[in-house]
Every structure is written in structure tokens, then in C-alpha cells.
Amino acid sequence: MLNTHEAHDFAVRAVLEQYFHAIDSRNEILLTECFAPDASVHYHKGFEAEVRLSKADAIARFLLHRTSQYRATNHHASNTRVVATGDSASAVTYAVAHVVLAQKPKILVRGIRYDDQLALTDGRWQIQSRLHVPLWQYEAVSVPPAIPH
């Protein structure tokens with residue numbers, strides 16, 4: 001049986017995984033549920049494309065609009081550190097995103113750090129604020145999957 005700390009850690013990680021799944025599956029309902037209704041985000045900190053948004057539904061719509069330029073995406077956490085105290089938590093996640101461009105045979109692979117503050121409301125963890133910081137990137141040629149006959 002999990003102690004309270006382990007249960008909070010597990011539940012926070014579940015929200016972060018849901019975020020990655022919702023982005024990659026383009027599921028607006030799941031994505032919106034990841035954020036508190038009054039959430040705020042700061043994407044691409046330090047870059048020309050820097051964006052600040054608030055409200056869960058506006059954040060989800062923005063993210064799905066941005067990812068619609070890609071033929072496919074795959075986000076995954078490489079590691080996460082969660083610190084939960086009562087009904088609030090902070091999480092720092094290092095992740096890798098693979099995005100396949102729709103108009104060019106190119107894949108972008110990007111390392112990202114997510115600095116999140118989460119709140120426990122009605123028994124559910126949600127992202128209250130997020131800072132998204134791109135760390136590195138490289139490009140590769142995209143080729144169709146080679147599926148054996």
C-alpha cells in the first residue's frame with residue numbers, strides 16, 4: 001500500500017503522462033483536464049515564439065492548434081522530480097519531443113524542461129502553472145516506416 005507521499009507522487013506523474021498522451025493523440029478533452037480552470041502557462045521561455053496564456057480551455061486549444069502543423073508527435077518524460085506538500089505540488093520534468101513535419105521530410109527532436117506547479121482540487125491533481133523551456137534540438141530526415149512483408 002502506498003503512503004500519502006507516494007500516492008501524491010504517483011497521481012502527479014499520472015497528470016503529466018496524461019498531458020503527453022493528450023498532446024500526441026490530439027485529445028482536447030483530456031488535455032483540458034490536465035490544467036486547472038484558471039491555469040497559466042509560459043511556453044518557449046527566452047525564444048522569439050514565447051507565449052503566455054491562461055485558462056485551461058484556451059491553453060488546450062492553443063496547443064492543439066500548434067501541433068496541427070505536424071503529421072505526428074511523440075512526447076515522453078525522460079525524468080521527473082515531484083515534491084508534494086498537502087494540496088500543492090511542484091514538478092520538474094525533462095522530456096523529449098519528436099515531431100514529424102507535415103510539409104517536409106523532416107523530424108525535429110527537442111529536449112524540453114517543464115516546471116510545473118500543481119494543485120489538488122476535488123481529489124484531482126491539475127497543473128496550475130507551467131513554464132516550458134526548450135533546451136536543445138536536432139533535425140533528422142523523415143522516411144516512411146519500413147514494414148516487412
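The values are calculated or read from the model by the stated rules, or taken from the named source; none is laboratory data. Not measured: the values here are computed from a predicted model. Cβ coordinates were reconstructed from backbone atoms using ideal geometry, including for glycine residues, and neighbour counts include every protein chain displayed.
Being more than 17 Å from residue 133 (Cβ to Cβ) and at pLDDT below 95 narrows it down to one of 68, 78, so name that one.
Numbers: 78 fails: more than 17 Å from residue 133 (Cβ to Cβ).
Of 68, 78, the one residue that is more than 17 Å from residue 133 (Cβ to Cβ) and at pLDDT below 95 is 68.
Can you tell me which residues in the stretch 63-73 are surrounded by 15 or more Cβ atoms within 10 Å (Cβ to Cβ) and either outside any helix (DSSP H, G or I) or of a type in the set (Phe, Trp, Tyr) (or both)?
70, 73
Is it the case that the stretch 39-50 has a residue that's basic (Lys, Arg), surrounded by fewer than 16 Cβ atoms within 10 Å (Cβ to Cβ) and modelled with pLDDT under 95?
Yes; the residues of the stretch 39-50 include at least one that is basic (Lys, Arg), surrounded by fewer than 16 Cβ atoms within 10 Å (Cβ to Cβ) and modelled with pLDDT under 95.
If residue 110 satisfies all but one of (1) of a type outside the set (S, T, N, Q); (2) under 13 Å from the mean Cα position of the chain (by Cα); (3) surrounded by 17 or more Cβ atoms within 10 Å (Cβ to Cβ); (4) closer than 20 Å to residue 49 by Cβ, what's the number of the condition it fails?
(3)
Name the residues in the stretch 2-45 that are part of a helix (DSSP H, G or I), in contact (Cβ under 8 Å) with a residue 60 or more places away in the chain and of a type outside the set (Lys, Arg), would you?
Of everything in the stretch 2-45, those that are part of a helix (DSSP H, G or I), in contact (Cβ under 8 Å) with a residue 60 or more places away in the chain and of a type outside the set (Lys, Arg) turn out to be 5, 8, 9, 11, 12, 14, 15, 16, 17, 19, 20, 33.
Is there any pair linking a residue in the stretch 76-89 that is buried (at least 17 other Cβ atoms within 10 Å of the Cβ) to one that is assigned to a strand (DSSP E or B) and small (Gly, Ala, Ser), with Cβ under 7 Å and at least six apart or on different chains, and which?
Listed by first residue and then by second, the contacts come to 77/95; 80/91; 82/89; 82/91.
Return the residue satisfying two criteria in turn: it lies in the stretch 113-149 and is under 21 Å from residue 67 (Cα atoms) and of a type in the set (Phe, Trp, Tyr), and of such residues it is surrounded by the most Cβ atoms within 10 Å (Cβ to Cβ).
My answer is 114.
Of these, 55, 106, which one is free of Cβ contacts under 8 Å to residues at least 40 places away in the same chain and touching a Pro at 6+ places or on another chain (Cβ under 8 Å)? Quick ask: steps written out before the conclusion?
Details: 106 fails: touching a Pro at 6+ places or on another chain (Cβ under 8 Å).
It is 55.
Which condition number in (1) in a strand (DSSP E or B); (2) over 15 Å from residue 10 (Cβ atoms) is the one that residue 103 fails?
With respect to (1) in a strand (DSSP E or B); (2) over 15 Å from residue 10 (Cβ atoms), residue 103 is out only on (1).
Is there a residue in the stretch 111-122 that is without any contact (Cβ under 8 Å) to a residue 12 or more places away in the chain and out of contact with any Phe, Trp or Tyr (no Cβ under 6 Å at 6 or more places or on another chain)?
Checked against the condition, which is being without any contact (Cβ under 8 Å) to a residue 12 or more places away in the chain and out of contact with any Phe, Trp or Tyr (no Cβ under 6 Å at 6 or more places or on another chain), the stretch 111-122 yields at least one hit.
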